[in-house]
Amino acid sequence: MRKLRIILISSIFALVFSRAVYATEINMDNEIPLESEFSILIDASTGHIIHEVNMHERAYPASITKVMTALLLLESGHGMQTPVVHSFEAISTVMPWHSGLADVGEFLTVEESLYAILLASANDTSNAIAEFLGGNMENFAQIMTSRAHELGAFNTNFTNAHGLWEEDHATTAYDISIIMREALTHDLFREIIATQRFTIPPSATQEEYRIIYNTNNMIFPTSMHFSPDIIGGKTGFTNNSRHTLVSYAQRGDLELISVVLYADQRPMIFSDTRMLMEHGFEGFLRYQAFLANDFEYTIDLVQRSGDGVLVIGDVGIVAEGDMILSLPAGFNTDGIEMSVHLPNRIVAPVTEGFLVGRILIEHDGTILAEVPLRTAHAGLQLSEQDLAAILPGGGAVVSYATYGADEENVQNTWSVFNIALAIVASIVVGFLLLRFLQFSHRPRRRRKSLGKYRGNRGYSRTHRAYARDYKFKYRYK
């Protein structure tokens, strides 16, 4: 029975999670000869997965951690000229891997700090941002992890803001792609990662201009790794994480994000990224499956009363957004079907934005995508006076949404069944309790003694045999 329960539970989990996977993943069977151990390619606009290798396996991200650090600084709402002070701890804890862009007690502006961590991968500036936003590194790491989980990056745990190796500082290729996709919603982030070099003006302790260069060779036309489709990205390296790279590319109206983790040599992250991007641009097309503005629908708003369920109005239903799919080139789009799944009524009160249904976009029985459907406005209950005024005989004539004979019979049947079930359960429980009480007060049977060892659990076979032989010798002597 226990094995049967385990099998049933495992089957349920398999069904649930398998559905979640193919509802968001459209993958080709083509193999790409990548050198990186973990990788993913997604459509930046829709989040659809185009290609992946071990995308949910945990790995060390190195300095692409700074994408999350930059995202939190951008989301903080601080002005670009707000100072970010570099404390002694911010600089000393990353020696000798500090940038030297600011001395102890000196500050960079928020804008300069963003360029410093995304272009020059400044570890000390990352620490300064952590102290600026979180007070200390521990608090900021918790904020980073919490924000990652909010985005759906549930396999990520951050322990620092810079990415230098720590045992518990880990993520996945899939999680990094989600974080990168969110960061790309900020125009300044796109502008910074596309910048080849940036100049920080002199300060009180830094007399000369500080020029920093982007570590991503793929955006430099003079580099052998240059790719015209690559807009920008973030590189990383530690001895434990090896070489890592998250990239953003665009060709026409198709935008792609790629992540490659754990490459033995630095050139491998660039060649792997190029192959992934070419695979996406040449092997996939964008298909407009659904437009939210084209969807118009209403359902009855009902209120329960003593006489049944009264229709008191209707509620508009809106789609959460457009659905544009990334499909393999040559994909037969004629087989794509769309179905609306909604109840025919909703009971008041209901709030605006309440999830009531979904649109399924399918191909040959496989779900390609789901579009949530929500209420366009709130639906309130009528007061008792207003309800009485529109009941039959009390004023305006309105229609009733009745359960129907079959549904009402089912409800009555369930009521009778519940009562009968409660009675049977009470009888069974009472019978078992009575038997237990009888058994617990029953006098124990005493076995006849065969020597002092009889009835002792330590009584061995040797002792029993000896007692038996002794009895027989005594009896027939």
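The values are calculated or read from the model by the stated rules, or taken from the named source; none is laboratory data. All values derive from a computational prediction rather than experimental measurement. Here the Cβ positions follow ideal geometry from the backbone for every residue, glycine too, while neighbour counts run over all protein chains shown. Keep in mind that these areas ignore ligands, DNA and RNA; they rest on the heavy atoms of the full protein, side chains included. Shrake-Rupley method; radii C 1.70, N 1.55, O 1.52, S 1.80 Å.
Computed from backbone phi, the HN-Hα couplings of the range 73-81 come to 5, 5, 7, 5, x, 5, x, 5, 9 Hz, rounded to whole numbers (Karplus: 6.51 cos²θ - 1.76 cosθ + 1.60, θ = phi - 60°; Gly and Pro given as x). Amide H contacts under 5 Å for PHE284: ALA329, restricted to partners 5 or more places along the chain or on a different chain, H placed in the peptide plane at 1.01 Å from N. As a calculated quantity, the FRET efficiency between GLU208 and VAL104 at R0 = 22 Å, using C-beta atoms, amounts to about 0.75.
In order along the range 378-387, phi translates into HN-Hα couplings of 7, x, 9, 6, 7, 6, 4, 5, 5, 5 Hz, rounded to whole numbers, per the Karplus curve 6.51 cos²θ - 1.76 cosθ + 1.60 with θ = phi - 60° and x for Gly and Pro. The portion of the accessible surface of the range 28-160 made up by carbon and sulfur, rounded to a whole percent, is 51 (1.4 Å probe; DNA, RNA and ligands excluded). If R0 is 45 Å, what FRET efficiency do you get for LEU421 and GLU352 from their C-beta distance, rounded to 0.05? Once rounded, the FRET efficiency stands at 0.65. With a Förster radius of 30 Å applied to the C-beta separation of GLN196 and PHE154, the computed FRET efficiency comes to 0.25. Here the 3J(HN,Hα) profile of the range 120-136, calculated from phi with Karplus coefficients 6.51, -1.76 and 1.60 at θ = phi - 60°, is 8, 6, 6, 6, 5, 5, 4, 4, 5, 5, 4, 5, 5, 9, x, x, 7 Hz, Gly and Pro shown as x. Ligands, DNA and RNA excluded, the heavy atoms of LEU118 present near 0 Å² of accessible surface to a 1.4 Å solvent probe. Annotation: amide H of LEU368 within the under-5 Å range of ILE361, GLU362, HIS363, sequence separation 5 or more or interchain, hydrogens built in the peptide plane.
Ranking ILE212, HIS243, ILE193 by Cα position along the charge dipole of the range 187-247, where only Lys, Arg, Asp and Glu carry charges on their C-beta atoms, puts HIS243 farthest toward the positive end.
Accessible surface area normalised per residue over the range 61-154 is 37 Å², counting heavy atoms of protein chains with a 1.4 Å rolling probe. Rolling a 1.4 Å probe across all protein chains gives ILE230 an accessible area of roughly 10 Å².
With a probe of 1.4 Å, find how much accessible area the range 190-255 has per residue, and write the answer as a whole number in Å².
On a per-residue basis, the range 190-255 sits at 50 Å².
In the context of the full protein assembly, ARG147 retains an accessible surface of approximately 40 Å², using a probe radius of 1.4 Å and ignoring ligands and nucleic acids.
Highest first, please rank the peptides 168-178, 336-346, 315-325 by the mean number of other Cβ atoms sitting within 10 Å of their residues. Provide the component values of the computation, followed by the final result.
Numbers: 168-178: 23.6, 336-346: 13.4, 315-325: 18.1.
Highest to lowest by the protection proxy: 168-178, 315-325, 336-346.
The range 246-292 and the range 160-174 have Cα centres lying 23 Å from one another.
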